[in-house]
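Bear in mind that the values in this text are calculations on the coordinates, not laboratory data. Remember, predicted model here, so these are calculated numbers, not experimental data. Cβ sites come from the backbone with ideal geometry, for glycine too, and all protein chains shown count toward neighbours.
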Amino acid sequence: MGRTYQKHKLRKSISLDGAWKFMTDPEKIGENSGYTAALPSAQTVFVPGLWNHEPGLLEYEGAAWYEKDFYTDGGTLRFHFGAVMTDASIYLDGDLIGGHYGGFCEFDIIAPEVSEGEHRLTVRADNTIDSRSVPQRLVDWYNYGGIARSVNTETLNGICVLSDRFEYTLSDDLTSARAYLCLELYNAKNVDVSSRIEIMLESETVAVLDVTLGGGETRAVITDEFVIENVRLWDIGSPELYMLYIKTETDDLAERVGFRKICVENGQILLNNKPIEIRGVNRHDDHPDWGFAFPEKLMKRDVDLIKDLNCNAVRAHYPNSHTFLDLLDENGIMFWSEIPIWGNGFSEETLADPVILERTLEMHREMVKYYYNHPAITVWGLHNEILSASDAAYNMSKLFYTYLKENGGNRIVTFASSRPMIDRCFEFCDMICINMYYGWYDGDKNSWNKFLEEFRERRDRLGMSHKPVIFSEFGCAALYGHHTFDNIKWTEEYQSELLEYCLKLFHSDPMVHGFYIWQFCDMRTSPELGLNRARGFNNKGILNEYRKPKAAYRTVKETYKKFMQEQL
Ligand code: ADA
């Protein structure tokens, strides 16, 4: 399932990754033509994988089918999908058992009482973009299709733990914590079952519960509170992690958690009560050969490079895989997770559409549900660059901010604004995050000083001087290997100089408490962006798409190193 630690000792889990049958369905006739039971003709593809990397399918948009036969000993099965792009329908032996919308989050489907023997799992994936798609057609990444992350099936037996949320509050001096767990239980039998549930933190039993659930019942339960003394904190560069083990009489779930406190106070960001400066990069989980089906060993390499750059934070436009998050947890690197609302593509009318609002709120709910326990996630992002001076944006921001503050745990909640001088949504963020591209799209590098002064005045006028300012995006494109004698746009030299200038300027401004460079590496983007994107790639990476460093890599590394040393 792509975790860096074992999730179950008792629960049987089988990976369904590997060879699947596959065929496209451009006419969308599959449901009425029996594809749900058996694909009429098919080629072999490997899952996880996106069809765009199969010969002739780079630009295919539409429906496609995947089919895999597997053997089970029988029982109640839970199918777990890491991510399917974008609209998924799941069939077991020809019968629809569930579906999911949204390409970047995992989902589970339970099939009760499956008989022992051979069965067939069929997935219909559809990446067609319509007026209610999230993201919309105009977006700065590629509209891939297919099964992007791993698939597995688990056998559920008796009372099972479907999910867990670890809640804790640290004492003021951060030396102890009061904690409890919220569990989502499920009875996989069709008769009443009772079970004792034991929760261990490291090797100590911290809570015990006795429950009885009716056949097929799902129930949320909460443990008593327990206290942890001498807490070892999760921190940047020294990420202490704890193993939690939840065991029923027939099922189990391992969870890894960390204790840390993040907050904003008097215009500063405090991690574990100490002021920090965010030294970040934006990253797409994208590779030219694999797209969003990004191989795990390459994630490890990206994390190694991010560390080598002396970064302490990463931002992404959509939920990333648990493997990447596990690696960030282990390496003490903070993560900003948002949902794929890439605002330039969303009109005011779309932002106000009730279907879009429900769809995107559900994406927030799923992100919170599945990613809650990662200590590395210190920031939830509402959306990116929406029309934030409009009523529609105001209402959407209020809805998401309220939801995330109430349900998102101890995290900073914010959004990236590209309209800082007219933005009307700053009341719905804990820190003000600005995407700005002086020196690339508009103005030159000298425009930054004027902007900083004007924005400082606006922030004070709005009564928001207690909110730290972050540059959540800035940068410029450089074509890998492009050098000239003159320092002009598109060269590695221009990019390196502009980034160094911005970083030093932001660092020296007391209003600014962090920066996420746009971006870590080049990545394939949508043809919608046309000639603005040479080679069909967004070229603002400080590495190219194969992770070869441009000149800016060393500059950022050295600059971040200096900033890091000043903080020690
Ligand atoms: C925006 C957007 C990014 C990227 C960037 C750019 O700010 O949020 O996804 O498109 O601009 O390269 O222009």
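Worth pointing out:
- When the P(r) is computed for region 75-137, the part past 16 Å accounts for 48% of the Cα-Cα pairs.
- Direction-averaged projected area, Cα convex hull, the chain: 25.7 nm², rounded to one decimal.
- Tensor-based shape of region 230-305 (alpha-carbon gyration tensor, a/c under 1.5 rounded, otherwise prolate or oblate): oblate
- Inter-probe distance in nm under a simple model that places probes 7 Å from Cα toward Cβ, at ARG554 and PHE451: 2.8
- Amide H within-cut-off set for CYS521, under 5 Å, with H built and near neighbours excluded: HIS284, ILE542, LEU543
- Helix axis angle, 391-407 relative to the chain longest principal axis, alpha carbon, degrees: 60
- Taking CYS521, CYS311, CYS502 and counting other C-beta atoms within 10 Å, the order from fewest to most: CYS502, CYS311, CYS521
- The radius of gyration of the Cα set in region 413-491, together with its Dmax, comes out at 15.2, 47 angstrom.
- Options PHE46, ASN152, TRP342, ranked by Cα towards positive dipole end of the chain, top entry (Cβ charges): TRP342
- Fraction of alpha-carbon pairs over 14 Å apart in region 136-197 - percent: 75
- Exposure proxy for ILE262, ILE422: other Cβ atoms within 10 Å of each Cβ, ordered fewest to most, give ILE422, ILE262.
- With semi-axes defined as the square roots of five times the eigenvalues of the C-alpha gyration tensor, the equivalent ellipsoid of region 425-568 measures 28, 18, 14 Å, largest first.
- Relative pair counts by distance (%), Cα atoms of region 1-47, 10 Å bins: 21, 33, 23, 20, 3
- With the alpha-carbon atoms of region 274-567 aligned to their principal axes, the span from lowest to highest coordinate is 52, 44, 44 Å, starting with the largest.
- Annotation note: chymotrypsin sites (Phe, Trp or Tyr not before Pro) in region 1-63 located in DSSP loop regions with a Cβ neighbour count of at most 12 within 10 Å are TYR5.
- Sorted by Cβ density within 10 Å, fewest first, the residues LYS489, LYS540: LYS489, LYS540
- Across every pair of non-identical alpha carbons in region 159-250, the mean reciprocal distance, once inverted, gives a Kirkwood radius of 14.4 Å.
- SER41-THR175 pseudo-label distance in nm [points 7 Å out on the Cα-to-Cβ vector]: 7.4
- D_trans [Stokes-Einstein, Kirkwood Rh over alpha-carbon pairs] for region 12-155, 37 °C, 0.692 mPa s, µm² s⁻¹: 214
- ALA207 long-range amide H proximity, modeled H, under 5 Å: ILE199
- Degrees, to the nearest 10: 296-308 long Cα axis against longest axis of the chain: 30
- Approximating the spin labels as points 7 Å out from Cα along Cα→Cβ, the ASN266-to-SER347 distance works out to 4.9 nm.
- Note on region 227-269: antiparallel DSSP beta bridges, both residues inside, total approximately 90 percent of the bridges counted.
- Computed log10 I(q)/I(0) for region 360-433 at 0.15, 0.20 Å⁻¹: -0.46, -0.78, from the Debye equation with unit scatterers placed on every C-alpha and solvent omitted.
- Take every pair of alpha-carbon atoms less than 8 Å apart whose residues are at least six positions apart; their mean separation over the length of the chain yields a relative contact order of 12 percent.
- Phi-based couplings in Hz for region 455-469 (Karplus 6.51, -1.76, 1.60; Gly and Pro marked x): 6, 4, 4, 5, 4, 5, 4, 7, x, 10, 5, 7, 9, x, 9
- For the chain, the longest principal axis of the alpha carbon atoms and the long axis of helix 492-508 meet at an angle near 90°.
- When every Cα-Cα distance of region 299-411 is counted in 10 angstrom steps from zero, the calculated P(r) takes the values 14, 43, 28, 14, 1 percent.
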